[in-house]
Amino acid sequence: LKAWFDAIARAGVTFKYGATGPVGLLTGKKVYVAVARGGMHKDSPNDVQLAHLKAFLGFVGLTDVQFFYAEGMGMGPDAVAKAQAQADADINAVLV
């Protein structure tokens, strides 16, 4: 993920330095992020990925972000089926 951040964060292309610090240049765009995890972390103190991802996306000007979750993917076949069905429903509700 860090390598992707480094490839995306390009001064003069995706952000610039303004009088008060960096300014994101990728404004006015909608971002959809699919998050698949082995455990259940959504809305918990253990959900450290989203804060970091939101901060980076905001840094380059992407603030309209929608997350889709498939959690519990490491908790057996029933949990996987439930997570996939919920993720499909959430995505279809927004994109279809």
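The values are calculated or read from the model by the stated rules, or taken from the named source; none is laboratory data. This is a predicted model, so every value here is computed, not measured. Ideal geometry is used to build each Cβ from the backbone, glycine not excepted, and the neighbour counts take in all protein chains shown. Just so you know, the surface numbers come from the protein's heavy atoms only, side chains and all, with ligands and any DNA or RNA stripped out. Shrake-Rupley method; radii C 1.70, N 1.55, O 1.52, S 1.80 Å.
So is D64 open to solvent by 70 Å² or more (accessible area, probe 1.4 Å), closer than 30 Å to Q86 by Cβ and in contact with a Lys or Arg (Cβ under 8 Å, 6 or more places away or on another chain) or not? The answer is yes for D64.
Let's see how each residue does on (1) open to solvent by 90 Å² or more (accessible area, probe 1.4 Å); (2) under 14 Å from the mean Cα position of the chain (by Cα):
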{"site": "A19", "(1), (2)": "yes, no"}
{"site": "L25", "(1), (2)": "no, no"}
{"site": "V33", "(1), (2)": "no, yes"}
{"site": "G38", "(1), (2)": "no, no"}
{"site": "N46", "(1), (2)": "yes, no"}
{"site": "G58", "(1), (2)": "no, yes"}
{"site": "A70", "(1), (2)": "no, yes"}
{"site": "A81", "(1), (2)": "no, no"}
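The lone criterion from (1) of a type in the set (D, E, K, R); (2) closer than 28 Å to A85 by Cβ; (3) not in a loop (DSSP other than H, G, I, E, B) left unmet by K16 is number (2). Here V13, V35 are screened, and the one residue that is under 17 Å from G72 (Cβ atoms) and without any contact (Cβ under 8 Å) to a residue 40 or more places away in the chain is V35. Could you please find all residues in the range 19-51 being within 16 Å of D90 (Cβ to Cβ), in a strand (DSSP E or B) and not charged (D, E, K, R)? V31, Y32, V33, A34, V35, A36 - these are the residues of the range 19-51 that are within 16 Å of D90 (Cβ to Cβ), in a strand (DSSP E or B) and not charged (D, E, K, R). Restricted to the range 52-94, and to residues there that are part of a strand (DSSP E or B) and of a type in the set (D, E), the residue that is farthest from M40 (Cα to Cα) is D64.
Close contacts from the range 64-81, counting a first residue that is farther than 30 Å from T27 by Cβ and a second that is part of a helix (DSSP H, G or I) and β-branched (V, I, T), with Cβ to Cβ under 9 Å and a gap of 6+ residues or different chains, come to G72/V80; M73/V80; G74/V80.
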